[in-house]
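Quick notes on the structure that follows.
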Amino acid sequence: MAGLKDYINNHVGENREQIEHHVREILKLIGEDVEREGLLETPARVTRMYEEIFGGYEVDPREVLGVTFEENHQELVIVKDIVYYSQCEHHMAPFFGKAHIGYIPSGRIAGLSKLARLVEVVTRRLQVQERITSQLADIMEEVLDPAGVMVVVEGEHLCMCARGVKKPGSKTITSAVRGSFRKDAASRAEFMSLIKE
Ligand SMILES: Nc1nc2c(ncn2[C@@H]2O[C@H](COP(=O)(O)OP(=O)(O)OP(=O)(O)O)[C@@H](O)[C@H]2O)c(=O)[nH]1
Ligand SMILES: [Zn+2]
C-alpha cells in the first residue's frame, strides 16, 4: 500500500508557478515588500504547504479503504482520536480536531490504519465539518457494507477563534449515523461512551 506522500500529485504540483505568482501578488496587494529577505521564499513555501494540505483532491477515498478482509466479527469496532487538520472552504482558514469512526461489520473488516488514511484524504481539501462527517460515514458504508456506521467529528475553527466572532475554545461536534445505528439508541450510547473514555 502506498504511503500518503504517493497520493500527493495534485493540481498544486501541476500549477506551482502560477500559484507562486498569485501568492506574490497577494503579498504586494496587502502592502508587503516582496523583496525583503523574510518573504523571498514565501510564495514557494506557501505553494509547498498547499501541496500538502490540499493533497487529498486527486485521491479516491474509496481506494484508500480498498484493502478489506473477510472476518466474521459482528460487534462494534471503533478507531477514535484520529487527529485531522483541514481548511474551511469559507475562509480558507484551518480547522482541526479529532475524528472517531465506529462500525459494526457484516462480513468484511477494514485495516485499522486505513480508517486514519481515509480521514487524511477527506480532510486535505477545502471542507466543511459536516461534509467531512457524512463523507466518512458514506464511504465506510459503500466500501464495507457494514451493519451500521457511526462517525463523530470534533473541530475547532480558526475562523471562529482568530477572527470574526472570536470565540476561542468553542468546539463544533458533528455526527453521522448509518444502518443499524439509526434505530439502535443503545449502540449509539455505547459508541459515545467508548469515545469519551
Ligand atoms: N456549517 C459550517 N459553517 C462553517 C464551517 N466553517 C466555517 N463556517 C462558517 O461559515 C460562515 C460563513 O459566513 P459568512 O457570513 O458568509 O462569512 P463571514 O462574514 O466571514 O462570517 P463570520 O465568521 O460570522 O464573520 C461562518 O458562519 C463560519 O462560522 C463548517 O465547517 N461548517
Ligand atoms: Zn471559516
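The values are calculated or read from the model by the stated rules, or taken from the named source; none is laboratory data. Keep in mind that what you see is a predicted model, and the values were worked out from it rather than measured. No Cβ is skipped: glycine too gets one built from the backbone with ideal geometry, and neighbour counts run over all protein chains shown. When the accessible area is computed, the model is the full protein with side chains, heavy atoms only, and any ligands, DNA or RNA have been set aside. Shrake-Rupley method; radii C 1.70, N 1.55, O 1.52, S 1.80 Å.
Against the chain, whose longest principal axis is taken from its Cα atoms, helix 16-29 shows a tilt of about 60°. Applying 0.36 nm per residue to the separation of Val83 and Lys167 and subtracting their alpha-carbon distance, the gain on full extension is 28.1 nm. Each residue of the stretch 178-191 is assigned a 3J(HN,Hα), and the resulting list reads 9, x, 4, 4, 4, 8, 9, 5, 5, 5, 4, 5, 4, 4 Hz, derived from the Karplus form 6.51 cos²θ - 1.76 cosθ + 1.60 (θ = phi - 60°), x at Gly and Pro. To the nearest ten degrees, helix 112-123 and the longest principal axis of the Cα atoms of the chain are 40 degrees apart.
The length gained on full extension between Lys196 and Asp138, counted as 0.36 nm times the residue separation minus their Cα-Cα distance, comes to 18.6 nm.
Report the percentage of all Cα-Cα pairs in the stretch 43-86 whose separation exceeds 12 Å, rounded to a whole percent.
Of all Cα-Cα distances in the stretch 43-86, 77 percent exceed 12 Å.
Using a Gaussian network model of the chain in which every pair of alpha carbons under 10 angstrom is joined by a spring, one finds that among His11, His22, His157 the greatest mean-square fluctuation is at His22. Each principal axis of the Cα cloud of the stretch 80-141 was evaluated for its coordinate range; sorted largest first, these ranges are 42, 18, 14 Å.
When only alpha carbons of the stretch 1-101 are considered, Rg and Dmax amount to 18.8, 63 Å. For the residues Leu39, Leu112, Leu65, a 1.4 Å probe over the protein chains yields an accessible-area ranking, largest first, of Leu112, Leu39, Leu65.
Compute the longest continuous run of the chain that contains no exposed trypsin sites (Lys or Arg not before Pro); treat a site as exposed when its DSSP state is not H, G, I, E or B and it has at most 11 other Cβ atoms within 10 Å. After excluding every exposed loop site, the longest remaining stretch is 37-162. Note on Lys166: lysines with a C-alpha under 24 Å away, same-chain residues under 8 apart excluded, are Lys98.
How many nm separate the modelled label positions at Ala93 and Glu32, each set 7 Å beyond the Cα in the direction of the Cβ? It works out to 1.8 nm between the two label points.
Computed from Cα atoms, the angle from the helix 129-144 axis to the main principal axis of the chain rounds to 50 degrees.
Computing Rg and the Kirkwood Rh from the Cα coordinates of the stretch 95-188 gives a ratio, Rg/Rh, of 1.03. Taking amide H atoms as placed 1.01 Å from N in the peptide plane, the amide H of Asp145 has no partner under 5 Å among residues 5 or more positions away or on other chains.
Across the chain, the volume of the C-alpha convex hull divided among the residues equals 130 Å³ per residue. Simple rule: put +1 on each Lys or Arg Cβ and -1 on each Asp or Glu Cβ in the chain, find the dipole, and look at Cys88, Ala162, Gln135; the Cα lying farthest toward the positive end is Ala162. Glu190 contributes about 90 Å² of solvent-accessible surface, heavy atoms of the protein only, 1.4 Å probe. All other residues whose Cβ lies under 13 angstrom from that of Phe69 are scored, Lys and Arg at +1 and Asp and Glu at -1, for a net of 0.
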